[in-house]
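Below is one structure, written out as structure tokens, with a few remarks after it.
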Amino acid sequence: MNQYVDIGINLMHRSFNLDREEVIRTAAEAGVFPLIITGSNLRSSETGADYAARHKDIYSTAGVHPHDAKTCDGQTIERLRRLCKRSQVVAVGECGLDYDRDFSPRDIQRKWFEAQIQLAKEEHMPLFLHERAAFADFKSILSSYKEVCGRAVVHCFTGTRDELRAYLDLGCYIGITGWICDRRRGMALRGTVKDIPADRLMIETDGPFLLPRNLNERPADNRNEPRFLPHIAGEIAACRGESVERLADMTTANAKRFFRID
Ligand SMILES: [Zn+2]
């Protein structure tokens, strides 16, 4: 059976509160393991790390999403740093810029994005990055930290061919979600995903968000979860004109190398 690593699952989200163990079990049955829990603020980063410590094949990231940048204070970076020292915490993030919804003021987003890049650099950790409608500023900040870009993944990439080219030129990895299964919104992405070199591609659900639109049996609650990752992988493989076996093998190898997990 193919193995798939879900590099981005918001497993501490409240929609998983009643059946988190079952979600992990059904994922493993579908070949989806390890899972990397996305930390999106201090709280979810800390609970995610605690949860990962109690479970085999579960890892987590530690970071503050740009939406939550306004909650950062003088202690945030040191608390994230303490999380980075824990063996199950495998990346700094998610962090970055989101000008689509502007839940935090843009200058505050930029400040804490840069602080988290600096943290990753100091702690020799990979970066799990989020960018939405903020390409120019995002690229300009990243470009001043070229040494970290080779260990950075731009997660849930949905941008243009030129944006993809810029990230690849910086040395970044690219994370693709079930967005690609949406034949309206994901149309451009279905073309550009071919341009991602095999050794720079990783896959993720971003559950509970972004349920693939073309699932045969859509769950009543529209909750996305790791067991749907093979479906997403199938779509990506079809768009790239390669077998799902090859896609699974290479994205799994990339994830294990990138996050240093086995
Ligand atoms: Zn994100």
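Computed on protein heavy atoms with a 1.4 Å probe, the accessible areas place 94, 78 in the order 78, 94, largest first. In units of the compact-protein estimate 2.2 N^0.38 Å, the range 26-85 shows a Cα radius of gyration of 1.24.
Note on the chain: helix-only mean residue ellipticity at 222 nm, from DSSP H runs of 4+ residues weighted -39500 (n - 2.57) and normalised by residue number, equals -12000 deg cm²/dmol. What do you get for chymotrypsin sites (Phe, Trp or Tyr not before Pro) in the range 48-118 restricted to DSSP loop and a cutoff of at most 16 other Cβ within 10 Å of the site's Cβ? The qualifying sites are 99, 103. With 19 Å as the limit, the listed pairs 85/121; 70/121; 56/256; 70/139; 111/139 have 70/121; 70/139 beyond it between alpha carbons. Label positions at residue 169 and residue 115, each projected 7 Å from the Cα along the C-beta direction, are separated by 3.1 nm. Quick check on the range 1-49: take the gyration tensor over C-alpha atoms, sort the square-rooted eigenvalues as a ≥ b ≥ c, and tell me if it's rounded (a/c under 1.5), prolate or oblate. Verdict is oblate for the range 1-49.
Overall, the accessible surface of the range 1-101 at a probe of 1.4 angstrom is composed of carbon and sulfur to the extent of 47 percent. The equivalent ellipsoid of the range 100-212 has semi-axes of 23, 17, 13 Å, largest first, where each one is the square root of 5 times an eigenvalue of the Cα gyration tensor.
Per residue, the accessible area of the range 22-72 comes to 37 Å² when a 1.4 Å probe rolls over the protein heavy atoms. Across q = 0.13, 0.14, 0.22 Å⁻¹, the range 1-124 modelled as identical point scatterers on its alpha-carbon atoms has Debye log10 I(q)/I(0) values of -0.52, -0.60, -1.19, in the order of the q list.
Taking every C-alpha pair closer than 8 Å and separated by at least 6 residues, the mean separation divided by the residue count of the range 1-90 gives a relative contact order of 26 percent.
What fraction, in whole percent, of alpha-carbon pairs in the chain exceed 23 Å separation? That fraction is 46 percent. For the range 16-60, the list of trypsin sites (Lys or Arg not before Pro) that fall in a loop by DSSP and count at most 16 other C-beta atoms within 10 angstrom reads 54, 56. The GluC sites (Glu not before Pro) found in the range 143-248 that occupy coil by DSSP, while having at most 16 further C-beta atoms within 10 Å, are 217, 242.
The values are calculated or read from the model by the stated rules, or taken from the named source; none is laboratory data. Since the model is a prediction, treat every value here as computed from it, not as a measurement. Positions of Cβ are generated from backbone atoms using ideal geometry, with glycine treated the same way; all protein chains shown enter the neighbour counts. These area figures cover heavy atoms from the full protein model, side chains too; ligands, DNA and RNA do not enter into them. Shrake-Rupley method; radii C 1.70, N 1.55, O 1.52, S 1.80 Å.
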